[in-house]
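Written out below as structure tokens is the structure these notes cover.
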Amino acid sequence: MLTPLTLLVPPASPPSLFSFNRFSHFPFSTSISATTTSASDLLRVVSRRLFLATKTQSITTMATQEEECKGNVKAQLAKLFEVSLKVTVPNEADVDPLIAACTGKFGDYQCNNAMGLWSKIKGKGTQFRGPPAVGEAIKNNLPTSEMIDSCSVAGPGFVNVVLSKNWMAKSIQKMLIEGIDTWAPQPPVKTAVVDFSSPNIAKEMHVGHLRSTIIGDTLARMLEFSKVKVLRRNHVGDWGTQFGMLIEFLFEKFPNFEDATETAIGDLQAFYKASKQRFDSDPAFKERAQQAVVRLQGGEEKYRRAWAQICEISRTEFHKVYQRLGVHLEEKGESFYNPYIPGVIEGLTKQGLVEESQGARVIFIEGINIPLIVVKSDGGFNYASTDLAALWYRLNEEKAEWIIYVTDVGQQQHFDMVFK
């Protein structure tokens with residue numbers, strides 16, 4: 001199963017990261033800051049003697065706020081109760097409205113702040129005498145709104161709200177005229193990257209990739225519905241040591257490898273298994289395969305063409321699945337970020353984050369007993385190198401404000417380390 005949301009709070013105010021913990025080998029963490037309106041800032045410091053004037057002034061502000069979140073009744077009520085709470089307890093900063101659907105017969109929604117507030121203000125010379133009195137004050141200080149038919153206080157200060165049927169009818173009529181998309185939430189971002197699906201070249205897509213694909217596509221569609229520019233990224237595994245054995249095996253089976261078609265190679269999964277078996281059992285083949293990796297990464301033309309041939313066959317198979325699911329992705333695999341890795345490593349080194357350890361270059365992260373290896377002892381790069389470069393590219397080149405990774409829970413520690 002996928003893990004629940006993980007909260008990662010970046011320093012200062014850089015773009016936030018979502019780690020939904022990328023499938024197979026490569027998480028949903030979020031940092032979203034609530035903005036405060038000028039009216040709310042004003043109400044934070046107003047005294048109770050100015051209550052009537054403030055309450056009248058807030059009506060226009062609340063109408064604007066209702067328009068901003070008109071598809072979310074709970075959010076609209078929260079804005080109203082936010083005003084009331086600032087007037088009821090002006091000396092208590094940053095009190096968030098606790099709005100929930102009513103479970104009883106007293107209303108549609110309820111505000112549950114009274115008991116928590118009472119525990120904070122009792123003993124401070126407050127005029128209130130228990131949670132019910134706090135609840136009554138919260139109710140009485142609510143700004144006038146056409147969305148509320150009536151309010152009542154029950155038990156230890158629960159403020160129950162009955163929604164106006166006329167307001168509901170008008171809201172639905174307006175939605176039908178203007179279109180459902182006008183009710184879309186308005187996230188505080190313009191651009192988001194959603195990294196999902198991400199199968200490995202020459203390997204079969206499995207149910208894990210299907211799960212990542214469906215969840216990622218759903219998140220992308222929701223953001224697009226809310227007018228966010230979504231960069232749908234398929235971070236395929238198309239770079240690494242396995243391509244040495246695949247290329248060398250391709251050369252053996254097809255001396256004129258460029259004539260090898262999908263039909264000629266057949267099942268690419270079986271082709272991969274056969275090359276792996278040969279790699280494990282034949283030392284001479286293994287040595288040639290390792291040299292093939294060096295030549296591929298060095299940019300030798302013949303090896304790049306063979307690599308591209310294998311990738312294209314695999315890509316054709318993936319496309320059949322995406323087409324059937326109606327899922328659109330833009331491929332930017334591991335190989336895409338390879339040119340950016342040296343610059344990213346250099347930047348981290350200049351910041352004093354990279355250290356030498358047993359011939360490798362690593363980053364030690366507080367609270368984690370293993371280092372993040374960014375350059376292997378043989379000088380090669382790995383998943384961490386690629387993911388750091390991808391993250392750098394998404395933040396600096398694509399200017400993403402939210403980044404969502406949909407992947408396997410087994411990669412949680414890897415991404416926790418990369419994000420930190």
GLY157 surrounded by 22 or more Cβ atoms within 10 Å (Cβ to Cβ) and on the phi > 0 side of the Ramachandran plot:
yes
Any residue that is of a type in the set (A, V, I, L, M), part of a loop (DSSP other than H, G, I, E, B) and touching a Gly at 6+ places or on another chain (Cβ under 7 Å) - is there at least one of those in the stretch 254-264?
no
I'd like to verify a number: residues in the stretch 98-125 that are open to solvent by 30 Å² or more (accessible area, probe 1.4 Å) and either out of contact with any strand residue (DSSP E or B) (no Cβ under 7 Å at 6 or more places or on another chain) or more than 12 Å from VAL153 (Cβ to Cβ) (or both), how many?
17
Filter the stretch 291-342 down to residues that are out of contact with any Asp or Glu (no Cβ under 9 Å at 6 or more places or on another chain) and polar (S, T, N, Q) and give me whichever is surrounded by the most Cβ atoms within 10 Å (Cβ to Cβ).
GLN297
Restricting attention to the stretch 220-239, which residues are within 23 Å of ILE313 (Cβ to Cβ) and either hydrophobic (A, V, I, L, M, F, W, C) or at pLDDT below 95 (or both)?
VAL236, GLY237, ASP238, TRP239
Report, ordered by the first and then the second residue, all pairs with beta carbons closer than 7 Å, sequence separation of six or more or different chains, a first member in the stretch 346-375 that is polar (S, T, N, Q), and a second member that is in a loop (DSSP other than H, G, I, E, B).
SER357/PRO371; GLN358/SER377
Tell me, please, whether a residue that is outside any helix (DSSP H, G or I), among the aliphatic types (A, V, I, L, M) and either at pLDDT 85 or above or over 29 Å from GLU397 (Cβ atoms) (or both) can be found in the stretch 283-291.
no
Can you tell me how many residues within the stretch 139-189 are under 30 Å from the mean Cα position of the chain (by Cα), in a helix (DSSP H, G or I) and of a type in the set (A, V, I, L, M, F, W, C)?
3
Checking the conditions here, which among GLY208, GLY240 is open to solvent by 10 Å² or more (accessible area, probe 1.4 Å) and of a type in the set (Gly, Ala, Ser)?
GLY240
Extreme residue, farthest from GLU330 (Cα to Cα), among residues of the stretch 203-241 that are touching a helix residue (DSSP H, G or I) at 6+ places or on another chain (Cβ under 7 Å) and in a helix (DSSP H, G or I)
PHE225
Of the residues that sit in the stretch 365-379 and are more than 14 Å from PHE415 (Cα to Cα) and not basic (Lys, Arg), which one is most open to solvent (accessible area, probe 1.4 Å)?
GLU366
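Within the stretch 120-130, is even one residue in contact with a helix residue (DSSP H, G or I) (Cβ under 9 Å, 6 or more places away or on another chain) and either hydroxyl-bearing (Ser, Thr, Tyr) or part of a helix (DSSP H, G or I) (or both)?
So far as the stretch 120-130 goes, yes, one or more of its residues are in contact with a helix residue (DSSP H, G or I) (Cβ under 9 Å, 6 or more places away or on another chain) and either hydroxyl-bearing (Ser, Thr, Tyr) or part of a helix (DSSP H, G or I) (or both).
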Take VAL354 and tell me if it is under 30 Å from HIS209 (Cα atoms) and either crowded, with 16+ Cβ neighbours inside 10 Å or modelled with pLDDT of 95 or more (or both).
no
Residue check, ALA192 surrounded by 15 or more Cβ atoms within 10 Å (Cβ to Cβ), under 33 Å from the mean Cα position of the chain (by Cα) and at positive phi
no
Just to be sure I understand the filter: pairs with C-beta atoms under 9 Å, separated by 6 or more residues or on different chains, first member in the stretch 108-123 and more than 16 Å from ALA137 (Cα to Cα), second member in a helix (DSSP H, G or I) and open to solvent by 60 Å² or more (accessible area, probe 1.4 Å). Which pairs pass?
TYR109/LYS74
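The values are calculated or read from the model by the stated rules, or taken from the named source; none is laboratory data. Keep in mind the model is a prediction, meaning the values are calculated, not measured. As a convention, Cβ positions derive from the backbone with ideal geometry for all residues, glycine included, and neighbour counts pool all protein chains shown. Please note that ligands, DNA and RNA were not included when accessible areas were found on the heavy atoms of the full protein model with its side chains. Shrake-Rupley method; radii C 1.70, N 1.55, O 1.52, S 1.80 Å.
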